[in-house]
Amino acid sequence: MSFPRLDHATNIADQLNELSAKVKTRSRASLTDANRILETISMRFFNALYGWDLVNLNTEQANYPAVDLGDRTRRIAIQVTNEDGADKITHTVAKAVEHNHHEDFDRLIIFFLLPRKPNFPKKFTQPADCPNIETWDIADLLKQLQELTDLAVLDRAAKMLSDEMGRIQRTDTGAAVNLTHFDVIKYAPAKLIGREAETALLNDAWAKVQSHEAKRPHVMTFVALGGEGKTSLVAKWAAELAHLDWPGCDAVFAWSFYSQGTREQVAASSDLFLREALTFFGDQAMADSAQGAFDKGRRLAQLVGQRRALLLLDGVEPLQYAPTSPMPGELKDQGLAALLKGLAASSQGLCVITTRYSLPDLQAFW
């Protein structure tokens with residue numbers, strides 16, 4: 001006999017244990033996006049499960065002290081970690097006191113993505129000028145899940161977790177995949193009609209990457225008016241690669257500078273993209289540094305170019321000058337310009353771009 005509540009709870013616990021193992025593997029690798037994975041999945045999971053409105057505080061301030069997620073309305077803060085040891089508790093509490101987090105939060109949950117959390121340090125006492133400290137692990141969550149009466153909530157949380165796990169799946173080929181900020185596969189049509197030539201160009205370019213051919217494209221741009229199917233083309237091609245377990249890929253990173261479906265993003269900047277991509281490709285120090293966008297873009301080009309990486313950049317036009325300007329199509333953003341020129345000059349992988357305007361910045365490499 002199947003008990004839906006127990007089935008959902010067990011499924012969630014199993015996926016969290018699998019996530020814990022994957023994060024540990026990524027933390028030991030040079031390609032690491034472990035922290036971002038933990039923050040993103042935990043935020044979505046807790047919001048789906050408990051109806052909270054957690055936001056990622058690290059997007060407000062780089063390396064936000066003591067906590068990663070916060071719901072200021074409900075006065076709940078969460079530190080997410082896969083570190084084992086009481087030192088994590090001691091450090092988190094000290095930082096929370098130092099930065100007066102009790103002014104914004106009443107609860108501070110340290111969520112250990114581990115089967116079993118560490119014990120509180122010996123002689124630990126709850127500081128008066130600090131949110132109330134709670135420690136959770138996967139076993140604690142399982143107990144809470146088994147007590148929930150709303151099966152729809154459990155089902156929603158389980159499906160959300162399955163979706164996120166699919167996005168970060170490390171394939172049999174060893175490719176590190178991050179589609180968190182642009183789930184390109186989501187936009188793949190069931191059938192693509194009349195794009196055989198363009199698909200053949202992409203397939204040929206990636207085949208040359210796999211065979212290490214010297215004379216091949218490093219950067220491919222698909223230029224067309226809005227609504228003509230640029231994203232659908234690249235998404236369908238990427239979905240087919242994903243179905244084949246990303247053959248030949250060392251890493252896959254996708255990003256959209258365009259808000260899919262309805263409107264363009266207001267912010268025309270590569271800052272967040274550079275931070276996330278540098279983190280994913282293994283240079284957290286540069287990601288968090290005060291270096292300018294040009295230096296970060298140049299560093300990212302080095303990191304991406306030294307491996308067979310597939311970089312998918314959708315809707316670049318918000319970072320380009322309009323065709324009616326004195327510099328039509330040129331990149332306004334120095335970080336993205338440095339990245340693309342660096343990749344065009346030297347890369348073991350492939351960067352695929354969709355945009356409404358041609359990129360004269362890369363004319364020297366045509």
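The values are calculated or read from the model by the stated rules, or taken from the named source; none is laboratory data. These figures come from a predicted structure and were not determined experimentally. Cβ placement follows ideal geometry from the backbone for every residue including glycine, while neighbour counts extend to all protein chains displayed. Only protein heavy atoms, including side chains, enter the accessible area calculation; ligands, DNA and RNA are left aside. Shrake-Rupley method; radii C 1.70, N 1.55, O 1.52, S 1.80 Å.
Scanning the stretch 39-56 for residues that are of a type in the set (Asp, Glu) and on the phi > 0 side of the Ramachandran plot yields nothing. Residues of the stretch 189-221 that are open to solvent by 60 Å² or more (accessible area, probe 1.4 Å) and either basic (Lys, Arg) or in a loop (DSSP other than H, G, I, E, B) (or both): Ala190, Lys191, Ile193, Arg195, Ser211, His212, Glu213, Ala214, Lys215.
Restricting Ala344, Ala309 to those that are among the small types (Gly, Ala, Ser), surrounded by fewer than 22 Cβ atoms within 10 Å (Cβ to Cβ), in contact (Cβ under 8 Å) with a residue 24 or more places away in the chain and under 21 Å from Glu213 (Cβ atoms) reduces the list to Ala344. Restricting attention to the stretch 308-342, the residues that are of a type in the set (Asp, Glu) and in a helix (DSSP H, G or I) total 1. Note on the stretch 93-116: residues that are assigned to a strand (DSSP E or B), among the aliphatic types (A, V, I, L, M) and touching a residue at least 40 places away in the same chain (Cβ under 8 Å) amount to 1. Might you let me know whether the stretch 73-82 holds any residue that is in a helix (DSSP H, G or I) and surrounded by 16 or more Cβ atoms within 10 Å (Cβ to Cβ)? No, the stretch 73-82 has no match at all. Whether a residue is of a type outside the set (D, E, K, R), under 21 Å from Thr199 (Cα atoms) and outside any strand (DSSP E or B) was assessed, and Ser358 passes this test. Filtering the stretch 279-302 to residues that are of a type outside the set (Gly, Ala, Ser), within 22 Å of Asp361 (Cα to Cα) and crowded, with 21+ Cβ neighbours inside 10 Å leaves Lys296, Arg299, Leu300. Here the stretch 136-165 is the region considered, the condition is being outside any helix (DSSP H, G or I) and not polar (S, T, N, Q), and the residue that is farthest from Asn17 (Cα to Cα) is Asp150. Residues in the stretch 1-44 that are acidic (Asp, Glu) and part of a helix (DSSP H, G or I) were compared, and the one that is modelled with the lowest pLDDT is Asp7. Criterion applied to Asn58, Asn47, Asn63 was being surrounded by fewer than 21 Cβ atoms within 10 Å (Cβ to Cβ), assigned to a loop (DSSP other than H, G, I, E, B) and under 23 Å from the mean Cα position of the chain (by Cα), and the one residue passing it is Asn63. With respect to the conditions (1) at positive phi; (2) open to solvent by 70 Å² or more (accessible area, probe 1.4 Å); (3) under 26 Å from the mean Cα position of the chain (by Cα), Gly229 lacks only one, and its number is (2). Looking at Pro328, Pro360, which one is in contact with a Pro (Cβ under 8 Å, 6 or more places away or on another chain), surrounded by fewer than 18 Cβ atoms within 10 Å (Cβ to Cβ), farther than 22 Å from Val234 by Cβ and not hydrophobic (A, V, I, L, M, F, W, C)? Going through Pro328, Pro360 in turn, just one is in contact with a Pro (Cβ under 8 Å, 6 or more places away or on another chain), surrounded by fewer than 18 Cβ atoms within 10 Å (Cβ to Cβ), farther than 22 Å from Val234 by Cβ and not hydrophobic (A, V, I, L, M, F, W, C): Pro328.
The residues of the stretch 312-325 that are open to solvent by 10 Å² or more (accessible area, probe 1.4 Å) and among the aliphatic types (A, V, I, L, M) amount to a single one, Ala322.
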